[in-house]
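J.: Dropping the structure in here first, questions after.
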Amino acid sequence: MDFLLYNVVLNSILVGIILMTQFITYPLFQFIGSDFKTYHRAYTKRMGYVVAPLMVLELLLVIKITTNHYSNAIIILIGVLTLIIWLSTFFLQVPVHNNISKEKPKNQILFLIKSNYIRTFCWLLKLILSIQILDIN
């Protein structure tokens with residue numbers, strides 16, 4: 001099995017999702033009116049069904065790849081970027097989503113947009129690095 005190729009494919013999907021989220025979805029949160037709570041709850045539930053399995057699969061792939069190529073510095077960096085993505089997700093984005101599902105403070109939405117650049121940057125860099133190492137087998 002070519003786990004490096006699977007990683008590129010999966011990472012490409014996640015980059016597409018994070019770019020849409022970063023530049024379209026999160027900024028548009030600011031313009032949703034009185035029905036924001038209903039919209040946001042539906043959004044996070046549906047997005048969770050899409051993103052959560054992909055992120056878990058990504059994590060498992062990265063663990064497999066780093067186990068097989070633990071002496072490759074680029075692969076170790078890919079592992080670190082994946083860890084940063086997970087930490088940012090669960091310690092920054094998830095708590096903000098929990099807060100804004102109850103009320104819509106503008107500063108929380110702005111924080112969500114700004115802090116999400118961490119994941120956007122990490123997933124983009126991870127994709128670039130993953131493409132570069134496709135031929136190490």
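The values are calculated or read from the model by the stated rules, or taken from the named source; none is laboratory data. All values derive from a computational prediction rather than experimental measurement. FYI the Cβ positions are ideal-geometry reconstructions off the backbone, even for glycines, and counts take in every protein chain you see.
J.: Quick check on my filter: what residues within region 22-31 are surrounded by 12 or more Cβ atoms within 10 Å (Cβ to Cβ) and either in contact with a His (Cβ under 8 Å, 6 or more places away or on another chain) or in a helix (DSSP H, G or I) (or both)?
T.: Result: Gln22, Phe23, Thr25, Tyr26, Pro27, Phe29.
J.: Pairs only if they're at least six apart or on different chains, beta carbon under 6 angstrom, first in region 58-79 and farther than 21 Å from Arg119 by Cα and modelled with pLDDT of 95 or more, second surrounded by fewer than 19 Cβ atoms within 10 Å (Cβ to Cβ) and not basic (Lys, Arg); list them, first residue then second.
T.: Hits for this filter: Lys64/Phe3.
J.: Okay, next question. Would you please list the contacts, defined by Cβ atoms under 9 Å and residues six or more apart or on different chains, that run from a residue in region 90-107 that is over 18 Å from Gln22 (Cβ atoms) to a residue that is of a type in the set (A, V, I, L, M) and surrounded by 12 or more Cβ atoms within 10 Å (Cβ to Cβ)?
T.: Close Cβ pairs satisfying both conditions: Lys104/Ile32.
J.: Then there's this: What residue, among those in region 1-21 that are more than 18 Å from Lys64 (Cβ to Cβ) and surrounded by 19 or more Cβ atoms within 10 Å (Cβ to Cβ), is nearest to the chain's Cα centre (by Cα)?
T.: Ile18
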